[in-house]
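Let me begin by presenting the structure, written as structure tokens, before commenting on it.
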Amino acid sequence: MSRVALVTGGSRGIGAAISKALQAAGYSVAATYAGNDEKAAAFTAETGIKTYKWDVADYDACAAGIAQVEADIGPVEVLVNNAGITRDAPFHKMTPQQWSEVMSTNLSGVFNMSHPIWPGMRERKFGRIITISSINGQKGQFAQTNYAAAKAGDIGFTKALAQEGARAGITVNVICPGYINTEMMSTIPEKVMNDVILPQIPVGRLGEPEEIARTVVFLASDDAGFITGSTISANGGQYMA
């Protein structure tokens, strides 16, 4: 029986690439999404990967959703915390709502998903938790105090939880992508891309979602059993930590 992988925000962008790569590697994959029913249905039609709708900021919804996934497919052995949002604003203009929404999804959401799954992983003496953070959680970014704080928190969460899981055969790692060629990046004007963004990246290009996905597949594998508590930077050399 193939292992079960659950990918949050797994029907679009980097998450979709991760879901597809895990499926190709032989995992039984479930993907969550928060709001776009049409995109999720199209993704399922294309891939056969079942999608589940809930908000990772809601602990009870996460617990119920995970229970449904496990009833449908089996115990979750690989969790990829990919769901995330932005609510950018300079700090003097940032509202408490913008702060709390980003923290609730991007940081608390990692807790909300990992916590219900953790007991089963401990009992089975195997698990993989892989969280998608960001280069901006490592170096900070103008007008992203909320996002950078949450993504930096994901790194701290990973380092602490990895110490608890190590003896139980559970690895916990985090990936920090830089600029990745997703739908969101396509909205950036060509001049900004060529004159501002690409010159910051030593390899001279954007990353591809599939490159992040291949990193996830490796970290999920038995071959990565000695890697835990690690922060993997995938940013083309833009920030070397």
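The values are calculated or read from the model by the stated rules, or taken from the named source; none is laboratory data. Please read all numbers here as calculations on a predicted model, not as lab measurements. Cβ sites come from the backbone with ideal geometry, for glycine too, and all protein chains shown count toward neighbours.
From the list G48, G74, G35, the lone residue that is surrounded by fewer than 18 Cβ atoms within 10 Å (Cβ to Cβ), modelled with pLDDT under 95 and not aliphatic (A, V, I, L, M) is G35. The C-beta contact set for segment 39-55 (first residue among the small types (G, A, S), second residue assigned to a strand (DSSP E or B), distance under 6 angstrom, 6+ apart or interchain) comprises A40/Y33; A40/T51.
Summed over segment 171-196, the residues that are in contact with an Asp or Glu (Cβ under 8 Å, 6 or more places away or on another chain) and in a strand (DSSP E or B) give a count of 2. Residues of segment 183-241 being of a type in the set (S, T, N, Q) and within 30 Å of R3 (Cβ to Cβ), which ones? Answer for segment 183-241, where residues must be of a type in the set (S, T, N, Q) and within 30 Å of R3 (Cβ to Cβ): T215, S221, T228, S230, T231, S233, N235. When segment 214-241 is filtered for residues that are among the hydrophobic types (A, V, I, L, M, F, W, C) and touching a Ser or Thr at 6+ places or on another chain (Cβ under 8 Å), the ones remaining, listed by number, are L219, A224, I227, I232, A234, M240, A241.
Considering only residues in segment 131-180 that are among the basic types (K, R) and farther than 21 Å from M193 by Cβ, the one that is farthest from the chain's Cα centre (by Cα) turns out to be R167.
Condition check for Q141 on (1) free of Cβ contacts under 8 Å to residues at least 12 places away in the same chain; (2) in contact with a strand residue (DSSP E or B) (Cβ under 8 Å, 6 or more places away or on another chain); (3) not basic (K, R): one failure, at (2).
Selection over segment 117-151 of residues that are surrounded by fewer than 23 Cβ atoms within 10 Å (Cβ to Cβ), in contact with a helix residue (DSSP H, G or I) (Cβ under 6 Å, 6 or more places away or on another chain) and either in a loop (DSSP other than H, G, I, E, B) or not basic (K, R) (or both) gives a count of 7.
Assessment of segment 168-181 against the conditions (within 17 Å of I129 (Cα to Cα), surrounded by fewer than 18 Cβ atoms within 10 Å (Cβ to Cβ) and modelled with pLDDT of 95 or more) yields at least one matching residue. What's the number of the only condition in (1) of a type in the set (D, E, K, R); (2) crowded, with 21+ Cβ neighbours inside 10 Å; (3) farther than 22 Å from V29 by Cβ that D154 fails to meet? All conditions are met except number (3). In segment 92-115, of all residues being polar (S, T, N, Q) and over 17 Å from the mean Cα position of the chain (by Cα), the one that is farthest from E77 (Cα to Cα) corresponds to T95. Restricting attention to segment 188-241, the residues that are out of contact with any strand residue (DSSP E or B) (no Cβ under 8 Å at 6 or more places or on another chain), among the small types (G, A, S) and buried (at least 16 other Cβ atoms within 10 Å of the Cβ) total 1.
Results for (1) under 19 Å from the mean Cα position of the chain (by Cα); (2) assigned to a helix (DSSP H, G or I), shown as yes or no for each residue.
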site	(1), (2)
G26	no, no
A31	yes, no
A40	yes, yes
E46	no, yes
Y52	yes, no
V56	yes, no
G74	no, no
E77	yes, no
G84	yes, no
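In segment 86-116, of all residues being polar (S, T, N, Q) and outside any helix (DSSP H, G or I), the one that is surrounded by the most Cβ atoms within 10 Å (Cβ to Cβ) corresponds to T86.
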